[in-house]
Amino acid sequence: MAIPKFKNEPLTDWSRPANRKKQEEALAKVRSEFGKEYPIVIGGERIITGQKLNSYNPSKSTEVVGVFQKGDAALANKAMEVAVATFEKWKNVPAKKRAGYIFKAAKLMKKKRFELNAVMIYEVGKTWPEADADTAEAIDFVEFYGREMLRYGVDHPVVKNPGEKGKLVYLPLGVGVVIPPWNFALAILTGMTSAAIVTGNAVVLKPSSDSPLTGWKFMEIMEEVGLPAGVLNFVSGPGSAVGDTLVTHPKTRFISFTGSKEVGIHINQVAAKVQPGQIWLKRVVAEMGGKDSIVVDEGVNLDEAAAGVTVSAFGFQGQKCSACSRVIVHEKVYDKFVDILAKKAESITVGDSAQMSNYMGPVINRGSQEKILEYIDKAVSEGGRVVAGGTKASDEGYFVRPTVIADVWPKATIAQEEIFGPVLAVIKARDFDEALQIANNTEYGLTGAVYTKNKKRLEKAEREFFVGNLYLNRKCTGALVGVHPFGGFNMSGTDSKAGGKDYLLLFLQAKSIAEKVKK
Ligand code: NAD
């Protein structure tokens, strides 16, 4: 059967009572399974360890969403051995058949849409629309990469050489270690893992300790579609013990990481050291943090710009690598813009993400909440003026009110470091040129946006705003698979452009074949 052209998965229409009912039912079902225990899976074998790792609901921090196994170095090594052996068979499975598994996974994800949403609503505090967008993106990734594999998985023509028959084919790399973050708990994990599998690699997946249940749901789906045992191995456990063992293993061929700058740098350094018995240089794809800016010029519709900034800064509590954490405003409209922004932030509802009425849920855990509040204090001590929020929202879950801090110095701590929470710095600029200079003054380069009516200034932003994903006259979050291939510059990572046409190449190596023939 012909595969239809890729199209993005539509988002759920929450104005329809039937959809709201399905989501409520799925929330009840997932809640009824709270506290259940989930294994490590290596080569299809389910393994229970002595030590456990709980996954909590950040909206109600005493609720245990799931109990996971605390893997260790020995289990990480075992998973590597199994993956190495499985790779020898999996690499020879035709590309079309491999793609078939992930197309089936897409179907199952569509069927389980509300359940997957519910898991993320409880496990990482996503609101209904944010969880739904995460699931839709996961579906998009598998649909997109399945099609991409069909494109790569054929003989590719080369320039003709008389007397030779030539071609280029793409081979998998080997065993890959996939280390995703918790924030796009399903989408990023699914994207990185499915890309590695569909290209013919075997995978050891170490889910984030803040979102193992979401990772488990993906594992379950891959088992349900009949993926051969050992192609995907699921090892929950601490980043330090399990992660370091997997990264340093001599048989690890590549590491696909998305997470913070600090851990990304660490993995890159550790992976660079050639281990005894290792016969390649490991390939590291590391997508890391952001300190993303929106520039607001004079002469724009301020309400519209403030709406774009508000969604970008406070959607999923500012815990997106693409989140706007700095808005740089032309001095002529600065005061008015700050007023509008503060009002918008103050009107945001914050509370349990399982309640559809809340626009913002909790931040991921206590450590994160404390760190965010420390950053707010630091901002004030460095001269910032809190014009909205600035405090915790309640004592039960990890809530922080949407916070706007005006008059931030462009080199202040909160203007430079990734906070990963609902804190927005407002910076005043003399003119558009200075605003753009400020926008480029961090070590990151992930997303950015510009609101201006001036065509020349838009062109200048296209040339000079040094980010992997630039948006003009719109918000800086919400990248769509295939539409906005995603990845950043500088310390934002290796610019893998997830959801783009080049992405699968990161999991492949090209082999050039020439055969002598009679002229
Ligand atoms: P994190 O770096 O704390 O953790 C990411 C993963 O690394 C987790 O699975 C963690 O268990 C693992 N890990 C931790 N220490 C390890 C070690 N020593 N060896 C191997 N693995 C280890 O990041 P996080 O808090 O999960 O995610 C938030 C970060 O991710 C933010 O900085 C955000 O900007 C970034 N992010 C970037 C992108 C992007 O595309 N650039 C997308 C999403 C998130």
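Listed here are the residues, each with its yes/no results for (1) open to solvent by less than 30 Å² (accessible area, probe 1.4 Å); (2) among the β-branched types (Val, Ile, Thr).
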residue	(1), (2)
234	yes, no
237	yes, no
240	no, no
251	no, no
261	no, no
265	no, yes
270	no, yes
275	no, no
283	no, no
Original post:
Applying the selection to region 479-519, what residues are of a type outside the set (A, V, I, L, M), assigned to a loop (DSSP other than H, G, I, E, B) and within 13 Å of the ligand (Cβ to nearest atom)?
Top reply: 484, 485, 487, 488, 489, 494, 495, 496, 497, 499, 500
Original post:
Of 481, 426, which residue is open to solvent by less than 20 Å² (accessible area, probe 1.4 Å) and within 24 Å of residue 300 (Cα to Cα)?
Top reply: 426
Original post:
Exactly one of (1) outside any loop (DSSP other than H, G, I, E, B); (2) surrounded by fewer than 24 Cβ atoms within 10 Å (Cβ to Cβ); (3) within 13 Å of the ligand (Cβ to nearest atom); (4) not polar (S, T, N, Q) is unmet by residue 223. Its number?
Top reply: (3)
Original post:
Before we move on, is residue 97 under 25 Å from residue 242 (Cβ atoms), without any contact (Cβ under 8 Å) to a residue 60 or more places away in the chain and out of contact with any Leu (no Cβ under 7 Å at 6 or more places or on another chain)?
Top reply: no
Original post:
Would a scan of region 260-279 turn up a residue that is within 18 Å of the chain's Cα centre (by Cα), outside any helix (DSSP H, G or I) and within 11 Å of the ligand (Cβ to nearest atom)?
Top reply: yes
Original post:
Can you name the residue in region 341-353 that is in contact with a helix residue (DSSP H, G or I) (Cβ under 8 Å, 6 or more places away or on another chain) and not in a helix (DSSP H, G or I) and is also farthest from the ligand (Cβ to nearest atom) among such residues?
Top reply: 348
Original post:
If the Cβ limit is 7 Å and pairs must be 6+ apart or interchain, which residue in region 444-463 that is without any contact (Cβ under 8 Å) to a residue 40 or more places away in the chain pairs with which residue that is hydroxyl-bearing (Ser, Thr, Tyr)?
Top reply: 458/452
**OP:** Test residue 165 against the stated conditions and say whether it is open to solvent by 10 Å² or more (accessible area, probe 1.4 Å), touching an Asp or Glu at 6+ places or on another chain (Cβ under 6 Å) and not acidic (Asp, Glu).
**Re:** yes
Original post:
What about residue 448, is it closer than 20 Å to residue 140 by Cβ and open to solvent by less than 60 Å² (accessible area, probe 1.4 Å)?
Top reply: no
**OP:** Within region 352-367, track down each residue that is open to solvent by 20 Å² or more (accessible area, probe 1.4 Å) and either in contact (Cβ under 8 Å) with a residue 24 or more places away in the chain or within 19 Å of the chain's Cα centre (by Cα) (or both).
**Re:** 352, 356, 358, 359, 365, 366
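The values are calculated or read from the model by the stated rules, or taken from the named source; none is laboratory data. All values derive from a computational prediction rather than experimental measurement. Cβ sites come from the backbone with ideal geometry, for glycine too, and all protein chains shown count toward neighbours. Please note that ligands, DNA and RNA were not included when accessible areas were found on the heavy atoms of the full protein model with its side chains. Shrake-Rupley method; radii C 1.70, N 1.55, O 1.52, S 1.80 Å.
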